[in-house]
Structure formats: structure tokens, C-alpha cells
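See below for the structure under consideration.
The values are calculated or read from the model by the stated rules, or taken from the named source; none is laboratory data. Please read all numbers here as calculations on a predicted model, not as lab measurements. Because the Cβ atoms are built from the backbone with ideal geometry, glycine has one as well, and the counts that use them run over all protein chains shown.
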Amino acid sequence: MSIPMLRLAKWGLISKRCFSNTTTCESGKTVNLFSAINQALDIALDTDPRSYIFGEDVSFGGVFRCTSGLADRYGKHRVFNTPLCEQGIVGFGIGLAAMICITDRETAQLQKSSLQIISFPLLIRHESLWSQIVNEAAKFRYRSGNQFNCGGLTIRSPYGAVGHGGHYHSQSPESFFCHVPGLKVVIPRSPQQAKGLLLSSIRDPNPVIFFEPKWLYRLAVEEVPEHDYMLPLSEAEVIRQGNDITLVGWGAQLALMEKACDDAEKAGISCELIDLKTLIPWDKETVEASVRKTGKLLVSHEAPVTGGFGAEISASIAERCFSRLEAPVARICGLDTPFPLVFEPFYMPTKNKILDAIKATVNY
Amino acid sequence: MQYREPGVLLWRGFTLQEFANQCFGNKADYGKGRQMPIHYGSNKLNYFTVSSTIATQLPHAVGAAYSLKMDKRDACTVTYFGDGGTSEGDFHAALNFAAVMEAPVIFLCRNNGWAISTPISEQFRSDGVVVKGQAYGIRSIRVDGNDTLAVYNAVRAAREMAINEHRPILIEALTYRVGHHSTSDDSTKYRSVDEIEHWRMTRDPVDRFRKWVVNSGLWSNEDESELRSDVRKKILHAIQVAEKLEKPPLADLFTDVYDRLPENLCEQERLVRDTIKKHPQDYPSDVPV
């Protein structure tokens, strides 16, 4: 299965809603996703002397090369390997991040929050992590009545299909974390998006889980500005205008959806495609406005369909746009099986599954 | 922080009124009435807010200690847990991280023999907790937890080593839980009254320390009864004041999930307020709307 990465390139310039100092998009080099992430991490370490990156195999550059060169540039005290223990990594990060609440008070200064970037080169897949993320990081601010927070924490993890990953290296666990108030979940679709969204996630005063589409690390290539820019969280983006049906997705899935939109167009169907980017808190308004225009909605993600975030989007849009909907909301997602190896092509929400659903929904 | 250490807070200056406010979840509770009683926290006193989960605070203490070390502070962190907590993954993660990161942190284990109804023989087969510290390459101290002065000196020595040598220290304080685990626990269901009475009558650390201070001429029975009645009055007063204070406002249900209210929470707050208007009898009258 191949994903047409040139499509990503045409999404081109940074969103106009960009809130950083990037009003003009200076031309950058053409880089892949892991290099864009590396640039973002480099900028984060450079702009805040209290930022740290740690995790499994971070120091030599990471399995996916996202942290290449950073330990040499910023020292082993700020970019370092940890023992192979996910609950320890996140717990350590929470304590490190929360100390800013005490040092801020002592110095009576309003510093930017201390940034911790945790890297899981493989995948969040250890249930032992659960308590540290769900019971600790997510509730740290709320349970202390805002006396403490660990908002500096950003947890990076690859996610998703990669063609040969089997059960444990291909999962899409985003909806688990979307059910935890206090966390933010962000997933980029391309190198340029990844850099801007990662910098926003790192600087956001809340703990963020940043899922990086594993499939795109090397495959996705586009022009990325070299300077420091941020893309807003909780703002979806209409990346393709259309009138007949709204498609919502995130991360690597968007490339397939884009291809399905192209094919639908040849069949005379005009699709509007939305990149949600932040899953919680998510931008209902942009999706609602689009569905009010098109009257139809299709959501697609790799994670299993039952209880996936597509269910939340379907329910919310049904609540808000019931009288405007002209067809049932379509969900083209992964199957309710563990992620399979040999059967991956059958499991996946492929372009033709999406295309068929577009046609069925439009002709309902 | 775990929820067994109000003594640390008291020592640092948390007032009886502050304790009572948290226990009653009134509007003066720093935690805004969101957590069960005895889940204290104080930014002013460098005391991270308690959560109910077991041993999750241990890796935090290591991260916080690393921060102190990086900032070149003349300080260390201290974190507390029981014998049961040493079976949690977070305990092992924290000790291993602390050793590898050379973090100035004191792990203080209160080994009182019981995790609710589970005795240590059903918790581990090692020679207590102290050997686990050694296995992780951490200098570890076992101390008689019922000997106040011994504990004081062990912690003092641990603090000096942690700060001056940038290293973690584990202390295992051996003691016994004379009381029930909580108000919903009756521990005579799983251990003998004789066992409890033995520890209460012959090994009580408070009695032991009292004897020492009385024999040293620093304390008398009169001082004690005066202190007891004085503290009792102050506690009762604090409770009465806390009880009368109104609850935190409804808005506090929604704030602090994130640094700012996201749209979904604004919407849910509007819905809750509408429902309260329609069905005021369903809601407690002491929470200001």
C-alpha cells in the first residue's frame, strides 16, 4: 500500500490562522517528517534553557532519528536516555515539569512554563503508563486547585500503520486519551504541520500527547520554514473545499482521504476535507459549519471503529446538525480486531473503502 | 505525596484550619473541594498535592529532584510510601531512575507490616525493603521506626548525603499499624486483637519518646495534659469554622481541567446551570451557584 506523498506537498503554505510571528512564509528546505520534528525540538531546546528531552534511545538520535544531534548540541543533562520503563519516564517528567510551579513562586517571576519533551521512539503501548498519564498528568492541575500543574509536559509517540508492524507497532490509541479530561491530543498530517503543531504543543500550558504518524516519518516530504513558528491547537483546517460531502480525518489517514476525494471528483462529487489536528479539545464549529453546507459527513481513522473518536464526532454532529443531515454519518475505520500483520490490507480503511462510502452517502 | 504524612505538613507550618478546610472541602480548601479528605497540598510549603493512587508520586519525586540538581539548589526531595507501595511498578521505576540519574531524593518507606489486610509475607519474600534499594545501587538505611530519635538522625544523615553527594537514599522505617487502615476498615477481621494490643502497649513510639523527654527533664505529665487539651480545643474550633464555611462555587467544577475553559466545558456549564434552575431540589444548597 503506498501513500501519495506528493499530495502533502500541495497543501503547501502554513495555515493563515497561524498565530506565531509567521505572517509571511519564508521559503524553507524540503524535508521529511522526522527532520521537521527534529527542527522543532531543536528550537524548543534553544528557546527555553529549562527544556529537556528524554526517553528511550533519545541520546543517539532515536529509532526514527527525530532527536539526532540534539544531545551533542545541548548536552547530556538536557537530552538523555532513560531506563526502559515508560511509567518511570512519564512520572519523572511530571515531577520535573511540576517544579516550575515552585521555582516560579520563589523567584516571583512569570516564566514560560518549563518544557519537558518525552520521547517514546516505539509506541505508547504499555498499560503501566496509564496511571501516570491518566491519574497523574491529566489531573495534576485540577486536583491541586491550580496550585501545581505539569503543563510543560509533552509526550511524543509514534502511532499507526506502517505496513509490517503487527499488533504492537501499528496501533492508534488516540481515543483512549481523548476520554481523559485534562489532556490534549494532537496529530499532525505533514512535516510542516508537525513542526508548527509540536512547537505549540510544547509551549501549551497543558500536558499534550503528540502522536506522530509512523508511516510518514520518511515518506512525507514538504517545504518546511526553518524559523520558529507555531500552528494553533484546537483549530481544524479545511484543506480541500467542496459542496457535496464533508470528510474529517487526522494524521496519515488524510493522504488516503485526499486521494479518495480526487477519485470522487472524477465521478462528479465535490468533497470538503477537514484535518482535525487536535482531537481534544476539538474544533466542533469548523466541522459543524462544513456539514451545514454539505449535509453529509464521513469520518475516517485507522483505530478500531467501535469507541473510536469517529463515534464522538458522529454523535456531536448528529446533535448539532440533525435536521441538516441528509444521510447517516459514515465511518470508515479500522476493524474491531487487534491490528493484524498479514491481514493489514484488509483491516485498513483504504482509499476505495472511503470512495465507496462517499458515493453511498452522497447517493443515499 | 501519599496521604499518610500530615505530620510533615504540620511541621512545615500548615495550620489546623488549613487541614480542616481540606477535610470539609469548603471554599478555603486549596484543592477547591475536588478531592476526598486528607488529600492535602500546599504550593507555599513545597508539598505536591496528594493523590489516592499508590506509589505514583515516587517517580515525580525523582523528576523534581533532578530539577533541583539542574538548578544547583541546596535541597533534595523526599517522598513517602508504605510496604504495600513497594510492590507497585512505580516504586521500581523510581528507584532505578533515581540511581541512574543520580537524583537527590530520599525514599522514606514506612514498613508497618500491613497494606490494609495484606501482611508483608503476602507482599514480598525479600528481607524487607532495604535490600531492594541496595539492589538498585542506592545507599539504604533500615531504622527502628518506633524510635523517634533514630528516625530523626537517619533522615538527617540521608539528607546530607543526598544533597552533598547528589544521590538517592532509601530509608526503611520498621513499625506497626496499630490503627485501622481507614474509617471503613475493621482490622480485627484479619489480625488478632492481642497482636494489636502488644504493639500498642509495649512498642508505642509516642510513649517511648515521651519517656525519653520526661526523663530528660524536657517534658512533664502536666505539660502533656495541657498540650492535649489545648490542641483538642484548637482542632474542634478549626472543625467548627471549616464546617460553617460555604462550599466552593459551582464554577470551580469546570476550571483547572485546562489552563483555560475549552468550549465543550463552557457548553456543559451552561447546561448544568439550566438544569439547576429547573430542578433546584436535586442539588446541595450549600454550593453557591
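Here B:Leu170, B:Leu108 are screened, and the one residue that is in contact with a Cys (Cβ under 9 Å, 6 or more places away or on another chain), under 15 Å from B:Gly85 (Cα atoms), touching a residue at least 24 places away in the same chain (Cβ under 8 Å) and assigned by TED's automatic domain parsing to the domain that holds B:Tyr190 is B:Leu170. Scanning the stretch B:88-105 for residues that are free of Cβ contacts under 8 Å to residues at least 40 places away in the same chain and over 12 Å from B:Thr56 (Cα atoms), we see that the one that is surrounded by the fewest Cβ atoms within 10 Å (Cβ to Cβ) is B:Val100. Every condition in (1) modelled with pLDDT under 95; (2) within 12 Å of A:Phe34 (Cα to Cα); (3) in contact with a helix residue (DSSP H, G or I) (Cβ under 6 Å, 6 or more places away or on another chain) holds for A:Ile202 except the one numbered (2).
Entry remark, the stretch B:58-89: residues being farther than 20 Å from B:Arg167 by Cβ and in a helix (DSSP H, G or I) number 4 in total. Put simply, of A:Ala71, A:Ala98 the only residue that is within 10 Å of chain B (Cβ to nearest Cβ) and either at pLDDT 90 or above or touching a Gly at 6+ places or on another chain (Cβ under 6 Å) (or both) is A:Ala98. Taken over the stretch B:241-266, the criterion of being under 22 Å from A:Pro205 (Cα atoms) and charged (D, E, K, R) is satisfied by B:Asp252, B:Asp256, B:Asp259, B:Arg260, B:Glu263.
Annotation for the stretch B:26-39: at least one member residue is in contact with an Asp or Glu (Cβ under 6 Å, 6 or more places away or on another chain), within 11 Å of chain A (Cβ to nearest Cβ) and either free of Cβ contacts under 8 Å to residues at least 12 places away in the same chain or surrounded by fewer than 22 Cβ atoms within 10 Å (Cβ to Cβ) (or both).
Checking the structure you have, find out if any residue of the stretch B:152-166 is surrounded by fewer than 18 Cβ atoms within 10 Å (Cβ to Cβ), of a type in the set (Ser, Thr, Tyr) and in contact with a Phe, Trp or Tyr (Cβ under 6 Å, 6 or more places away or on another chain). Taking every residue of the stretch B:152-166 in turn, none turns out to be surrounded by fewer than 18 Cβ atoms within 10 Å (Cβ to Cβ), of a type in the set (Ser, Thr, Tyr) and in contact with a Phe, Trp or Tyr (Cβ under 6 Å, 6 or more places away or on another chain). Here B:Thr53 passes the criteria (1) over 30 Å from A:Ile53 (Cα atoms); (2) hydroxyl-bearing (Ser, Thr, Tyr); (3) within 7 Å of chain A (Cβ to nearest Cβ) except the one numbered (1).
State which residue is surrounded by the most Cβ atoms within 10 Å (Cβ to Cβ) when the search covers only the stretch B:1-13 and only residues that are assigned to a loop (DSSP other than H, G, I, E, B) and either within 7 Å of chain A (Cβ to nearest Cβ) or among the charged types (D, E, K, R) (or both). Break it down into steps so the answer makes sense when it comes.
Narrowing the stretch B:1-13 to residues assigned to a loop (DSSP other than H, G, I, E, B): B:1-5, B:13.
Among the residues that remain, those that are also either within 7 Å of chain A (Cβ to nearest Cβ) or among the charged types (D, E, K, R) (or both) are: B:4-5.
Numbers: B:Arg4: 15, B:Glu5: 20.
Out of the qualifying residues, it is B:Glu5.
Do we have B:Leu16 as without any contact (Cβ under 8 Å) to a residue 24 or more places away in the chain, more than 10 Å from chain A (Cβ to nearest Cβ) and among the aliphatic types (A, V, I, L, M) here? So B:Leu16 fails the test.
Which of the following residues is within 25 Å of the chain's Cα centre (by Cα) and surrounded by fewer than 14 Cβ atoms within 10 Å (Cβ to Cβ): B:Asp194, B:Asp186, B:Asp274, B:Asp252?
Details: B:Asp194 fails: within 25 Å of the chain's Cα centre (by Cα); B:Asp274 fails: within 25 Å of the chain's Cα centre (by Cα); B:Asp252 fails: surrounded by fewer than 14 Cβ atoms within 10 Å (Cβ to Cβ).
The match here is B:Asp186.
Scanning the stretch A:214-234 for residues that are of a type in the set (A, V, I, L, M) and assigned to a loop (DSSP other than H, G, I, E, B) gives A:Ala220, A:Met230, A:Leu231, A:Leu233. Among the helices (runs of 4 or more DSSP H) confined to the stretch A:284-364, the ones with at least 1 residues that are within 25 Å of the chain's Cα centre (by Cα) and among the acidic types (Asp, Glu) are located at A:284-294, A:309-321, A:344-347. Note on the stretch A:209-248: residues that are among the aliphatic types (A, V, I, L, M) and more than 30 Å from A:Gln132 (Cα to Cα) total 9. Scanning the stretch A:322-335 for residues that are surrounded by fewer than 20 Cβ atoms within 10 Å (Cβ to Cβ) and out of contact with any Gly (no Cβ under 9 Å at 6 or more places or on another chain) yields A:Phe322, A:Ser323, A:Pro328, A:Leu335.
Take A:Leu129 and decide whether it is under 16 Å from the mean Cα position of the chain (by Cα) and at pLDDT below 90. In short, no.
I'd like to know if the stretch B:214-227 contains one or more residues that are without any contact (Cβ under 8 Å) to a residue 60 or more places away in the chain and within 14 Å of chain A (Cβ to nearest Cβ). No; the residues of the stretch B:214-227 include none that is without any contact (Cβ under 8 Å) to a residue 60 or more places away in the chain and within 14 Å of chain A (Cβ to nearest Cβ). Across the stretch A:61-78, the number of residues qualifying as surrounded by 12 or more Cβ atoms within 10 Å (Cβ to Cβ) and part of a loop (DSSP other than H, G, I, E, B) comes to 11.
Of the residues making up the stretch B:251-279, those that are assigned to a helix (DSSP H, G or I), within 14 Å of chain A (Cβ to nearest Cβ) and not hydrophobic (A, V, I, L, M, F, W, C) are B:Asp252, B:Glu263, B:Asn264, B:Glu267, B:Gln268, B:Glu269. Kindly provide the set of residues from the stretch A:235-258 that are assigned to a loop (DSSP other than H, G, I, E, B) and either in contact with a Pro (Cβ under 7 Å, 6 or more places away or on another chain) or among the hydroxyl-bearing types (Ser, Thr, Tyr) (or both), ordered by number. Scanning the stretch A:235-258 gives A:Gly251, A:Ala252.
Here B:Ala93 meets each of (1) part of a helix (DSSP H, G or I); (2) within 18 Å of the chain's Cα centre (by Cα) with one exception, condition (2).
For B:Asp259, the stated conditions hold: it is surrounded by 11 or more Cβ atoms within 10 Å (Cβ to Cβ), without any contact (Cβ under 8 Å) to a residue 60 or more places away in the chain and either within 36 Å of the chain's Cα centre (by Cα) or not assigned by TED's automatic domain parsing to the domain that holds B:Gln35 (or both). Taking the stretch B:98-121 as the range and being out of contact with any His (no Cβ under 6 Å at 6 or more places or on another chain) and not in a strand (DSSP E or B) as the test, the residues that pass are B:Ala98, B:Ala99, B:Val100, B:Met101, B:Ala103, B:Asn112, B:Gly113, B:Ser117, B:Ile120, B:Ser121.
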